[in-house]
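Asks: I'd like to ask you about the structure that follows.
The values are calculated or read from the model by the stated rules, or taken from the named source; none is laboratory data. This is a predicted model, so every value here is computed, not measured. A quick note on method: Cβ atoms are made from the backbone with ideal geometry, for glycine too, and the neighbour counts reach across all protein chains shown.
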Amino acid sequence: MKTVNLTLCQKAIQQYRYQDVTLRDVKVPVLFFRYSKAGKHIGSFQVNFTKNGKSTSRVIGRFPLLSIKEARNAAIAKWQCVEAEKFTATKSKRFKNCGELLDWYREFRCADPCISVNTKRNVEHHVARVLKPILNSKNISDITAGYLSESWLNSSLDSYNISTLKSGFQCLKSAFNRACKLGYIASNTIENVSFGDLSATTIKPRENRIKFWSTPKLIGQIDELPTEFRILSLLCLGYLTRNNETVSSKWEHFDFNNLLWHIPAENTKTGQGVAHPITLPMVKMLKHYKKWQLHKTRSKFLFPQSSGYKAMTASQASKKIASHTNGKFRLHDLRKFGSTSLRDLGTDYYIVERILNHKMTQLDQTYIQTSSKKIIEDSLNKWHQMFLVN
């Protein structure tokens, strides 16, 4: 039976009810929905886990008696209970090697509904590609600063750039910290180790290639792009959105009645959803683009792959932009350029931070949500008027 990975919701359950599939929730990957043979409008929520080296599952409730939100909470609670039984502080052999610890950490992080899908993908990539190929069979007690520097870092430099390895090290350190706090390992051998201890190379932020460009010059370059990449670039520039936040957008996220673009939490880096006001210039541009897209495909995504069933990935979009511009700028450069331009227009620091959807303190969130909605709208209107109105 085919498994479909998606965000579980009533609409998705209705959509697949006549297909021979099992639905897996991307927010809580251990949660599965299986349709009942008695009727395709009902089914059961199940949590999948491994026990004694074998995959198994347990029913945690029936739909629609149990809501999706309740099922997610129940799945997390059940999975954590199973993990607690597998790895208790009283066991002398909690993990045989570093590979088992990393596999546990990957499952632990991916079961957390509070982190974004993109973050989960990064964790999976770091564990499977960056860390396990070298550290998999290594004893946990042997993972020291010296070993990481001489054996892991030096061996990995041929395959990955230094910034990717720094992210991989941060993932490894987080895994050790979490396991130690839960009592799954006796001691944390890298607790006081920083990436700077492993490498003398200073990681510099990527330079913004269009930092000193004028807005008209940049718009002139964007106007030469193919239609879908022109719209993609203008959205990134206009709302300072990250690559993944933009390419993952669906038409249903755009509420043209209330003039709001909703970016769901699972699409953001911070795990915090955001609603941007759709300015009148943006309304005109997006509606024109939607009509153009209908002649090519009836996809639910603004920027679909050729099949129309999936959105373009952030990596695919970045490569296309770089190719069409001959490397003159990257997609992420537009976010930096837009944030600088808004500040040059006199926009308050906290307002720009909210538009950027940076992680903020609870106090900052309260300030912004209660007092700056109109200011954000006015700031974006002023910014969009500079390059979207002929």
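Asks: Does residue 34 qualify as being surrounded by 15 or more Cβ atoms within 10 Å (Cβ to Cβ), assigned to a helix (DSSP H, G or I) and under 28 Å from the mean Cα position of the chain (by Cα)?
Replies: Considered against the rule, which asks whether it is surrounded by 15 or more Cβ atoms within 10 Å (Cβ to Cβ), assigned to a helix (DSSP H, G or I) and under 28 Å from the mean Cα position of the chain (by Cα), residue 34 comes out as no.
Asks: Does residue 54 fit the bill of being more than 16 Å from residue 111 (Cβ to Cβ), among the basic types (Lys, Arg), surrounded by fewer than 16 Cβ atoms within 10 Å (Cβ to Cβ) and at pLDDT 85 or above?
Replies: Numbers: more than 16 Å from residue 111 (Cβ to Cβ): yes; among the basic types (Lys, Arg): yes; surrounded by fewer than 16 Cβ atoms within 10 Å (Cβ to Cβ): yes; at pLDDT 85 or above: no.
Here the answer is no, as residue 54 does not meet what is asked.
Asks: Further, regarding this structure: Looking only at residues that are in contact (Cβ under 8 Å) with a residue 40 or more places away in the chain and in a helix (DSSP H, G or I) in segment 192-215, which one is nearest to residue 342 (Cα to Cα)?
Replies: 215
Asks: To continue, here is another question. Determine whether residue 20 is under 22 Å from residue 250 (Cα atoms), charged (D, E, K, R) and in contact with a Lys or Arg (Cβ under 8 Å, 6 or more places away or on another chain).
Replies: Taking the combined requirement at face value, the residue does not satisfy it.
Asks: So residue 167 clears everything in (1) within 21 Å of the chain's Cα centre (by Cα); (2) polar (S, T, N, Q); (3) under 23 Å from residue 279 (Cα atoms) except one condition, right? Which one?
Replies: Among (1) within 21 Å of the chain's Cα centre (by Cα); (2) polar (S, T, N, Q); (3) under 23 Å from residue 279 (Cα atoms), residue 167 violates only (3).
Asks: Let me ask you something else. Quick one: is residue 323 outside any helix (DSSP H, G or I) and more than 11 Å from residue 243 (Cβ to Cβ)?
Replies: no
Asks: Ok, one more. Residue 304 passes all but one of (1) within 25 Å of residue 118 (Cα to Cα); (2) in contact with a helix residue (DSSP H, G or I) (Cβ under 7 Å, 6 or more places away or on another chain); which number fails?
Replies: Among (1) within 25 Å of residue 118 (Cα to Cα); (2) in contact with a helix residue (DSSP H, G or I) (Cβ under 7 Å, 6 or more places away or on another chain), residue 304 violates only (2).
Asks: Yes or no: segment 254-277 includes at least one residue that is closer than 26 Å to residue 325 by Cβ and assigned to a helix (DSSP H, G or I).
Replies: Within segment 254-277 (the criterion being closer than 26 Å to residue 325 by Cβ and assigned to a helix (DSSP H, G or I)), the answer is yes, since at least one residue qualifies.
Asks: Let me ask another. In segment 322-363, how many residues are of a type in the set (Phe, Trp, Tyr) and at positive phi?
Replies: Summing the residues that are of a type in the set (Phe, Trp, Tyr) and at positive phi in segment 322-363 gives 0.
Asks: Looking at 300, 320, 284, 290, can you tell me which residue is more than 22 Å from the chain's Cα centre (by Cα) and either loosely packed, with under 14 Cβ neighbours inside 10 Å or in contact (Cβ under 8 Å) with a residue 40 or more places away in the chain (or both)?
Replies: Selected residue: 284, the only one of 300, 320, 284, 290 that is more than 22 Å from the chain's Cα centre (by Cα) and either loosely packed, with under 14 Cβ neighbours inside 10 Å or in contact (Cβ under 8 Å) with a residue 40 or more places away in the chain (or both).
Asks: For residue 187, which of the numbered conditions (1) at pLDDT below 95; (2) in the same structural domain as residue 147 (by TED's automatic domain parsing); (3) part of a helix (DSSP H, G or I) fails to hold?
Replies: (3)
Asks: Kindly provide the set of residues from segment 112-169 that are part of a loop (DSSP other than H, G, I, E, B), of a type outside the set (Gly, Ala, Ser) and touching a helix residue (DSSP H, G or I) at 6+ places or on another chain (Cβ under 9 Å), ordered by number.
Replies: 112, 113, 114, 115, 136, 138, 139, 143, 157, 160
Asks: Are any of the residues in segment 326-333 farther than 20 Å from residue 265 by Cα, in a helix (DSSP H, G or I) and modelled with pLDDT of 85 or more?
Replies: Yes, because at least one residue in segment 326-333 is farther than 20 Å from residue 265 by Cα, in a helix (DSSP H, G or I) and modelled with pLDDT of 85 or more.
Asks: Can you name the residue in segment 222-247 that is of a type in the set (Ser, Thr, Tyr) and buried (at least 24 other Cβ atoms within 10 Å of the Cβ) and, of all such residues, is farthest from residue 211 (Cα to Cα)?
Replies: The extreme case among them is 246.
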